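The values are calculated or read from the model by the stated rules, or taken from the named source; none is laboratory data. Here the structure is a predicted model, which means the values were calculated and not measured. Virtual Cβ from ideal backbone geometry, glycine too; neighbours counted across all protein chains shown.
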Amino acid sequence: MSGAILSISRLSAVSDRDQAPILHEVALTVERGETRGLVGESGAGKSTIGKAILGILPRAVRVTSGEVLFQGEDLLKMPAERRRRLVGEQIALIPQDPMTALNPGRRIEGQLTDGLRLWRGLDARGARKIALKLLDEVHIRDPERVLRSFPHQLSGGMRQRVLIAAAFALDPKLIVADEPTTALDVTVQKQILRLIRNLQSAHGTSVIFVTHDLGVVAQICDSVTLLFSGRVVEEGRTGDLLQRPQHPYTRALLDACPRYDRPDVGLKPIPEDLIARLRSEAAA
Amino acid sequence: MSEELLLARDIEVAFGGKRRWLGRSSQPVRALHGVTISVRRSETVGIVGESGSGKTTLGRALLRLVDVASGSIAFAGQDITRLSEGRMRPLRRRMQLIFQDPMASLNPRHVIRRIIVEPMLFHGVAKNHADAESKARAIFTRFSLPHMCLDRYPHELSGGQRQRIGIARVALLAPDFVLADEIVSGLDVSTQALALNLLKDLSRDLGLAMAFISHDLSVIRAICDRVYVLRSGRVVEEGACADIFAGPKHEYTRALIDAIPLPRIDPDWLRRTTAADVAA
Amino acid sequence: MVDAIAGAAPSRHGFAALQACLRDPKVAAGGCFILFLLVLALGAPWMAPKDPLEQDILLGATPPFWQAGAEPGHWLGTDDLGRDALSRVIYGSRVALTVAFVASSLAAALGAVLGLLAGWYRGVVDATISRLVEIWMAFPPVLLSILLVAVIGAGVGSVIAAIAIIDWTRFCRVVRAETINQAGADYVTAARAIGFSRLRILTQEIFPNVFPVLIALVSLEMGIAVIVEAILSFVGLSVSSDTPTWGAMIAQGRQLMHQGWWILAAPLMMLFLTVLAFNLLGEGLRRALDPVMRR
């Protein structure tokens, strides 16, 4: 597909222990410069897809079929060394928990410059200059101090900014953002979302945004893929999905979200027969 | 107009500040500064704030699980501010707490039956084990919890089941006041809807006075009558939900409301900032 | 979403817990060996082929049955005084196990009680107990045990006392730390909100969650107790020189290594296997008794 930076087709995966299906025939595409939301409740498989792209699936999960085409090449069938290089340089991760994603025993400077020194061959001085520029891009006011700091000396929002800076350090073509704002206060979340969106358009990066929050999707994703139990239930442009949802599950999910602007709407539990129907469809 | 069941006036809570044997005394950290809050019967009051706002501390203080340095707390007309633990005990049945993380709030080494039944017997809500068992089964049925759960350990159940058990444990004591501390944070939207609807029904049936702590204003809007907005241990704004959301007076409240992403297309949302925004 | 019950069978107390214990390979291996030792120790008078104290100089230093020159009836050979090595090893297990069980239980009981109180009540109680532990741990343990034995006099009792008096601090620190850890959990707050008394919360809510850590430590301690006893009898500070202990046999065997390696090897092997068994048992027990980890 022209213009698509990432194209996943018929991706299936099972748990190695009991052969339980984790993903089933998942298909999704991300165009250049696009932000695609990957939405689902817990257990839907959205994180698994992100990990499959990055090549960091847990040992217990086995891909049984499908392909993950990044710029036309299948990541799954690539030799390990080439994949490591490609993913290291061109695909980045913004992880979920800023508290645990940083090594508590290392200063920020080291962690921020790891990728630069490994894949760009920069020396400490050169990498440091770029690190300062990155911290500036993510609007950290005292970058010198932050570089010298340990993670526990920074706030949650600051840590997430550092992680975002690290993600954009090598100017990747694709970023997998795995629920990057779930652990943050709502005002901080807005700042971080704004930051990601601005950086993304400045660098022309494509983003896969994994989240369970339909509100976040509405505000920063161009397109959405909705998952249930490892299957794609519906996908399309964000506006279409929100305003004219086709699948009953999509509609039910929207009805369950509380909204402060429409107190009469929301908090409607998803009907059990719908869940049962979806489950039996999945088992078939 | 029903009178206030719980009234806390100007309470201050501070942590730390102990004198050490060999060294200077450490400065106490003030978690709450002069907070006044009231809850009436059959009313649900929201306490909203971000991390560090003191909302959890406020909840614990209202239940006398944390000592207040100054101020007063009255429950059903009785001053409980400095009541001894022994005198508090009979009152505890009437003021209960539902937790955010049911995995942490259910003793991992007790079977569910024990967790549910012990408090009932302790407070005399059930006459004996058989009575407690039948009451437990009744509420499990009502909450769509399989009776098999009673024989399980907490880690063997799903998050949604644990959450409902946490609510059931409290409901069985038929309290007058319930504090719900971030009980739906981190839950799926569908599980959240189930739990909140359960809570609303319960509150209505028992005529509960409820204080609902949350950082999620959309949830607060959906189930609370009044709301207190907390920031750095102080109440910055309070009032009826409808009023606050229609016209927030304090800039922090405005920032909080504005920061919530709604599931509708709003091209202006990202760009929009309020005076309280710190960075770009 | 409709919740499904986890497929695992319900975990009940008592019998099912025991079954789960026995299924764990570590518990099985360690437990079997300890059981075997118990049988040996209890049934020593019937199982030992000869009287361990009976000397026969003429049969001194004869090798085990698979070597040339072995004396029939002395399966593991004899020491230089003609005493049967196998019988002495079997009788030695009595001392080893007695010390292991009694000393660790005493140390654990004392340490755990103090640790629970310190960790739960904090304040003055904690300050006092913690200072006590710090001061106590400052004493060199070997010196202290020698001192104790010298004062009380040699014998199994003084060895047990020495180990218990020295090692309770180990339990106290760990139990205190775990108690403090558990005390911060929400389920404890839930118990307080229900109105349970502090003592009840400590014994009924917190202790069951501290117990697995304690069990692991107790079985490790049993291994340590066996070694300490062996060291003390090695230097002649344990029971009287007649009663066979593995430590004394090792001491003797060390001196007679050139005459007969078997005098050293048999008790050494038993010591090694016993400590290993206790360690395996302990780790397996901790895992098997822990409903959270049991999957």
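Of all residues in the range A:250-267, those satisfying the criterion of being facing chain B (nearest Cβ under 10 Å) and either assigned to a helix (DSSP H, G or I) or surrounded by 19 or more Cβ atoms within 10 Å (Cβ to Cβ) (or both) are A:Ala252, A:Leu253, A:Leu254, A:Asp255, A:Ala256, A:Cys257, A:Pro258, A:Arg259, A:Tyr260, A:Gly266, A:Leu267. Looking across A:Arg128, A:Arg141, one residue alone is outside the structural domain of A:Leu184 (by TED's automatic domain parsing), of a type in the set (Lys, Arg) and not in a helix (DSSP H, G or I). It is A:Arg141.
Of all the listed residues (A:Arg259, A:Arg244), the sole one being free of Cβ contacts under 8 Å to residues at least 60 places away in the same chain, over 24 Å from the mean Cα position of the chain (by Cα) and under 25 Å from A:Gln96 (Cα atoms) is A:Arg259. In the range B:242-260, the residues that are outside any helix (DSSP H, G or I) reach residues that are surrounded by 19 or more Cβ atoms within 10 Å (Cβ to Cβ) and of a type in the set (Ser, Thr, Tyr) with C-beta atoms within less than 9 angstrom, at least six apart or across chains, in these pairs: B:Ile260/A:Tyr260; B:Ile260/B:Ser218. Highlighted here are the strands (runs of 3 or more DSSP E) found entirely within the range B:24-104 that include at least 2 residues which are within 21 Å of B:Glu3 (Cα to Cα) and within 14 Å of chain C (Cβ to nearest Cβ): B:95-98. When the range B:151-171 is filtered for residues that are hydrophobic (A, V, I, L, M, F, W, C) and either modelled with pLDDT of 95 or more or in a helix (DSSP H, G or I) (or both), the ones remaining, listed by number, are B:Ile165, B:Ile167, B:Ala168, B:Val170, B:Ala171. Within the range A:97-112, the set of residues being within 21 Å of A:Arg125 (Cα to Cα) and in contact (Cβ under 8 Å) with a residue 40 or more places away in the chain comprises A:Arg106, A:Arg107, A:Ile108, A:Gln111, A:Leu112. Of all residues assigned to the range A:65-78, at least one qualifies as being free of Cβ contacts under 8 Å to residues at least 40 places away in the same chain and not in a loop (DSSP other than H, G, I, E, B).
Does B:Ile115 satisfy being facing chain C (nearest Cβ under 9 Å), among the aliphatic types (A, V, I, L, M), in a helix (DSSP H, G or I) and surrounded by 15 or more Cβ atoms within 10 Å (Cβ to Cβ)? Criteria met by B:Ile115. Going residue by residue through the range B:57-79, is there one that turns out to be of a type in the set (Lys, Arg) and within 18 Å of the chain's Cα centre (by Cα)? Checked against the condition, which is being of a type in the set (Lys, Arg) and within 18 Å of the chain's Cα centre (by Cα), the range B:57-79 yields at least one hit. For the range C:126-145, check the following and say yes or no: at least one residue is aliphatic (A, V, I, L, M), over 21 Å from C:Val226 (Cβ atoms) and crowded, with 17+ Cβ neighbours inside 10 Å. Looking for residues that are aliphatic (A, V, I, L, M), over 21 Å from C:Val226 (Cβ atoms) and crowded, with 17+ Cβ neighbours inside 10 Å, one finds at least one in the range C:126-145, hence yes. The sole residue among A:Thr250, A:Thr211 that is among the hydroxyl-bearing types (Ser, Thr, Tyr) and within 16 Å of the chain's Cα centre (by Cα) is A:Thr211.
The residues of the range B:215-239 that are farther than 22 Å from B:Asn197 by Cα and either outside the structural domain of B:Ala14 (by TED's automatic domain parsing) or acidic (Asp, Glu) (or both), listed by number, are B:Glu237, B:Glu238.
Annotation: of all residues in the range C:238-268 being within 26 Å of C:Ala161 (Cα to Cα) and exposed (fewer than 14 other Cβ atoms within 10 Å of the Cβ), the one that is modelled with the lowest pLDDT is C:Ser241.
For B:Ile223, the criteria (1) hydrophobic (A, V, I, L, M, F, W, C); (2) within 9 Å of chain A (Cβ to nearest Cβ); (3) farther than 30 Å from A:Val217 by Cα hold in every case but one, which is (3).
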